[in-house]
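**Student:** Below is a structure I'd like to ask you about.
The values are calculated or read from the model by the stated rules, or taken from the named source; none is laboratory data. Nothing here was measured: the structure is a model prediction, and the numbers come from that model. Positions of Cβ are generated from backbone atoms using ideal geometry, with glycine treated the same way; all protein chains shown enter the neighbour counts. In case anyone asks, the SASA skips ligands and DNA or RNA and just uses the protein heavy atoms, side chains included. Shrake-Rupley method; radii C 1.70, N 1.55, O 1.52, S 1.80 Å.
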Amino acid sequence: MPFQFFGTSGAIPSAARDNTALAFYSSDEVVLVDCSGSPYQKLLKGGLDPMRVSSLIVTHRHVDHLYGIPSLAHNMGLAGRRVTLHVYALPETRRILNGFMDLFPLEENMPYRIELHEIPPKEGYPVLQAKGFRIQSAPVKHGAPNIGLRVEFASPQERGVVVYSSDTSPCPSLITLARGADILIHEATFLHSEAARAASDGHTTGYQAGEVAAQAGVKRLILCHFVDSLHDQVDAVRSEARQTYDGPVEIPEEFREYRV
Ligand SMILES: [Zn+2]
Ligand SMILES: [Zn+2]
């Protein structure tokens, strides 16, 4: 099951890590999850054809998760896209997307359409069926309405389940969504010495991400969304998660292809 990180940082990027965003794909289709800076260039850097992107899921309305959308939409149009781009978001996030459409305006003189779809805040909601995989969502606990995603690959070439927490404090709905997954991608914005700040900002510590992985019974844990001050000590975040989770814990590399 292939996926890549286009970024692994919290809201402030560093020279080494950009804002957290992901691409899930099969040989036929690419689905983007969140959209930070230079998304068109990131697709090219990741070796993915931007025209194979069918859909974009925007998890929540915080700037670091969606500010690249006008650029992606503009670039795709200039590059001659003719196929509709489907964008999925919660109602609160959709209002921001409508604002983008008015501000720029993204569809003017473009050879393709952007279709917005609302995701209701329900557990196990079937967001989309792509070629070779499907994606479900569930609400998570953050400063803005937000969703975690469960990506299930079921093609002759690829099988397996990857769950992405997006930004959240540890929460039961995400544990349910992640139950038995092959890979849990969980945010670990802070070290546990900052647990109070993590709780007030709707984030998770490395220690807590390990607890979530253990409770959900996942096979492998990949951490992301690190606050910029931790970018040169990500091994400390991994060590914390290892105190509470026995399985493999990884710090992701941007543009590396991951498989189950
Ligand atoms: Zn964020
Ligand atoms: Zn956020």
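**Student:** So which residues in region 44-70 are hydroxyl-bearing (Ser, Thr, Tyr) and within 16 Å of ligand 2 (Cβ to nearest atom), if there are any at all?
**Tutor:** If the condition is that a residue be hydroxyl-bearing (Ser, Thr, Tyr) and within 16 Å of ligand 2 (Cβ to nearest atom), then Thr59, Tyr67 are the ones that fit.
**Student:** Keeping to region 12-39, report how many residues are open to solvent by 50 Å² or more (accessible area, probe 1.4 Å) and under 17 Å from the mean Cα position of the chain (by Cα).
**Tutor:** 3
**Student:** Separate question: If a residue must be within 16 Å of ligand 1 (Cβ to nearest atom) and either farther than 25 Å from Leu48 by Cα or open to solvent by less than 40 Å² (accessible area, probe 1.4 Å) (or both), how many such residues does region 60-111 contain?
**Tutor:** 13
**Student:** So the check is Cβ under 9 Å with 6+ separation or different chains; which pairs have a first residue in region 28-41 that's charged (D, E, K, R) and a second one that's assigned to a helix (DSSP H, G or I)?
**Tutor:** Taking only residues 6 or more apart or on different chains, the pairs are Asp28/Arg52; Glu29/Arg52; Asp34/Asp64; Asp34/His65.
**Student:** Shifting gears a bit: Could you please tell me which pairs satisfy a Cβ distance under 7 Å, a separation of 6+ or placement on different chains, a first residue in region 63-83 that is within 13 Å of Met110 (Cα to Cα), and a second residue that is within 15 Å of ligand 2 (Cβ to nearest atom) and not acidic (Asp, Glu)?
**Tutor:** Close Cβ pairs (under 7 Å, with a partner that is within 15 Å of ligand 2 (Cβ to nearest atom) and not acidic (Asp, Glu)) amount to Leu72/Cys35.
**Student:** Taking interchain pairs and intrachain pairs at least six residues apart, which have beta carbon atoms under 8 angstrom, with the first residue in region 194-214 and more than 15 Å from Leu184 (Cα to Cα) and free of Cβ contacts under 8 Å to residues at least 12 places away in the same chain and the second away from ligand 1 (no atom under 16 Å from the Cβ) and in a helix (DSSP H, G or I)?
**Tutor:** That search, which allows pairs on different chains as well, returns nothing.
**Student:** Now for a different question. Does Thr205 qualify as being within 16 Å of ligand 1 (Cβ to nearest atom), more than 18 Å from Thr59 (Cα to Cα) and in contact with an Asp or Glu (Cβ under 9 Å, 6 or more places away or on another chain)?
**Tutor:** Yes; evaluated as a whole, the condition is true for this residue.
**Student:** Oh, and also: Name the strands (runs of 3 or more DSSP E) wholly within region 1-93 that hold at least 2 residues that are under 13 Å from Glu254 (Cα atoms) and hydrophobic (A, V, I, L, M, F, W, C)?
**Tutor:** Ranges flagged: 3-7, 21-25.
**Student:** Restricted to region 121-133, and to residues that are within 24 Å of Ala73 (Cα to Cα) and touching a residue at least 12 places away in the same chain (Cβ under 8 Å), which residue is surrounded by the fewest Cβ atoms within 10 Å (Cβ to Cβ)?
**Tutor:** The selected residue is Lys131.
**Student:** Of everything in region 140-169, what is away from ligand 1 (no atom under 16 Å from the Cβ), over 13 Å from the mean Cα position of the chain (by Cα) and open to solvent by 30 Å² or more (accessible area, probe 1.4 Å)? Give them in sequence order.
**Tutor:** Those that are away from ligand 1 (no atom under 16 Å from the Cβ), over 13 Å from the mean Cα position of the chain (by Cα) and open to solvent by 30 Å² or more (accessible area, probe 1.4 Å): Glu152, Ala154, Pro156, Gln157, Glu158, Arg159.
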